[in-house]
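See structure below.
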Amino acid sequence: MINNRLNEQDPEVFSLIEKETDRQNQNAEMIASENFASKAVMEAAGSVLTNKYAEGLPSKRYYGGCKFVDVIEDLARDRAKSLFKADWVNVQPHSGAQANAAVYLTFMKPGDKLLGFDLSHGGHLTHGSPVNFSGILYDAHFYGVEESTGRLDYDKIRDKAKKVKPKMISIGASAHPRDFDYEAFRDIADETGAFLWMDMAHTAGLIAAGLLNDPLPWCHVVTTTTHKTLRGPRGGMILVGKDKENTLGVVAPKSGRTKNWSELLDSAVFPGTQGGPLMHIIAAKAVAFGEALNPEFVTYQKQVIKNAKAMADKFVSLGYNLVSGGTDNHLVLIDLRNKGITGKTAEAILGKAEITVNKNMVPFDTESPFVTSGIRIGAPAMTTRGMGTEEFEYLAVLMDKVLSNPENNDLHVKTAEEVKELCQRFPLYNFVTV
Ligand code: DSN
């Protein structure tokens, strides 16, 4: 549709998009943070809404002409609130990192202490990494998993929190295959007087479907991206479970009323950390949240977990070491050290076989972040294409063949053909009604 015009005007960009479409269609996309948004989501994201400035919030804008985008943003907010049973949401963050920046601006002053999940144990860059604003502006301390189990020890986290006395504790991960005990974290936060923040970017879809523990009742604030398991457009969002109880004691100058967190978080998004919201993306978020409210979304998320577990079991039976021994969610993290291959090499040779994964640090890694000892493999994208446990087991077998023969280029090429054949049976974008 739009592509025809693009082809006439800019064949160079058009042809690169065509090539990327073919790449996505022909390879097994197993990066745990990726998914395939529906055509309806992409249509909204590619709409005329990209033309509109709407700084502010619905009915409180700094620009005229917002009568339709106001309704769209309200729809997105209402659908998100209903999906996550939240009292308040802000759907404007351009990304997960932007949502997190607004959380820091609300709850922390530069120099305040954060206790976050160590990036090298599965955490996230924006949870205090020294190369990120969160580690540059704030005094970051970390908790991590146990070497023997790959799991969190909540007593040890409590001890660490008592020692550090953080202003805020963050939960959430980009490479942790297990669920979190939010009640235990809230106990620790209450005992040490810290705010509790969950970044559910990876698992939001599974949480929305009720398949993992729900952070909303326990955490003071929750952030997410909208494009991973949630399967929406690329973007971010902030949620508060119980708005009314939450005040930071900040008094509004004119009314003398104590402001609650949601108001402060709104201001931290705009004007605090962003300018104009991306109304086309907010519309696409509304569409994605509408899809996620359908019962089929729960069926999909159940299949994501089944597929991840089937793949995990197959890898274990083939002699692979999985961090924590398996998975509760959408991903597996393989420690390749017993296979004599690095994450970097694994990513490269699997790529030759048309299987896309990313190299990933494993807890207590002995390699650098550019090399790593592990790979992270996720189920959301290929589950969206309709694959089930049989196909995920088959993909694990294909991956094993490649990883067991790192020098055998002929085998990599042959495997690529097998992957393409598999992908042809599950064509991309046959999966949703448009
Ligand atoms: N880059 C994302 C991921 O791959 O998990 C996290 O932001």
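The values are calculated or read from the model by the stated rules, or taken from the named source; none is laboratory data. Every value quoted in this text rests on a predicted model; they were computed, and no experiment measured them. Quick reminder, even Gly has a Cβ in these numbers, built from the backbone with ideal geometry, and neighbours come from all protein chains shown. Areas reflect the complete protein model, heavy atoms only, side chains present, ligands, DNA and RNA absent. Shrake-Rupley method; radii C 1.70, N 1.55, O 1.52, S 1.80 Å.
Under the classification rounded if a/c is under 1.5, otherwise prolate if a/b is larger than b/c and oblate if not, where does the chain fall, given a ≥ b ≥ c as square roots of the Cα gyration tensor eigenvalues?
oblate
Return the long-range amide H neighbours of GLU34 (sequence gap of 5 or more, or a different chain), with a cut-off of under 5 Å between placed amide H atoms.
Amide H to amide H, under 5 Å and 5 or more residues apart or across chains, GLU34 pairs with nothing.
Assuming R0 = 60 Å, can you tell me the calculated FRET efficiency for the pair VAL48 and ASP153, based on Cβ-Cβ distance, to the nearest 0.05?
Working from the Cβ atoms, E equals 0.70.
Give the carbon-plus-sulfur fraction of the accessible surface of the stretch 360-434 in %, rounded to a whole number; probe 1.4 Å, heavy atoms of protein chains only.
50 percent
Nearest 5 percent is fine: what portion of the DSSP beta bridges confined to the chain is antiparallel?
Of all bridge pairs located within the chain, approximately 60 percent are antiparallel.
Towards the positive end of the charge dipole of the chain, with charges on Cβ (+1 Lys, Arg; -1 Asp, Glu), say which of MET311, ALA346, ILE188 has the farthest Cα.
Comparing the listed Cα positions along the dipole, ILE188 ranks first.
May I ask you to evaluate 6.51 cos²θ - 1.76 cosθ + 1.60, the Karplus curve with θ = phi - 60°, for each residue of the stretch 267-276 and list the ³J(HN,Hα) values in order in whole Hz, giving x for glycine and proline?
After applying 6.51 cos²θ - 1.76 cosθ + 1.60, I find 5, 6, 6, 9, x, x, 10, 9, x, x Hz.
Please work out the C-alpha center-to-center distance from the stretch 12-82 to the stretch 358-434 and express it in whole Å.
27 Å
Straight-line reach from LYS420: which lysines have a Cα under 28 Å away, not including same-chain ones fewer than 8 places off?
LYS19, LYS39, LYS228, LYS302, LYS306, LYS309, LYS314, LYS339, LYS344, LYS352, LYS359, LYS401
Students often forget the sequence filter, so: which lysines lie under 27 Å Cα-Cα from LYS163 once same-chain residues fewer than 8 apart are removed?
Correct list for LYS163: LYS109, LYS113.
Using a 1.4 Å probe on the protein chains only, how many percent of the accessible area of the stretch 101-218 belongs to carbon and sulfur?
Here it works out to 50 percent.
Reachable aspartates and glutamates from LYS165, Cα under 19 Å, same-chain residues fewer than 8 places away excluded?
Filter leaves ASP112, ASP118, ASP139, ASP153, ASP155, GLU183, ASP187, ASP190, GLU191.
Could you provide, to the nearest whole Å², the per residue accessible area of the chain with probe 1.4 Å?
43 Å²
For the chain, modelled as a GNM with alpha-carbon contacts under 10 angstrom, which of TYR62, TYR300, TYR320 fluctuates the most?
Comparing TYR62, TYR300, TYR320 in the GNM, the peak value goes to TYR62.
Pick out the long, greasy-scoring helices in the chain: whole DSSP H runs spanning 27 Å or more along their own axis by Cα, mean Kyte-Doolittle at least 1.6.
Correct list, ordered by number: empty.
Rounded, prolate or oblate for the stretch 265-364? Axes are the square roots of the Cα gyration tensor eigenvalues, ordered a ≥ b ≥ c, and the cut-off for rounded is a/c under 1.5.
prolate
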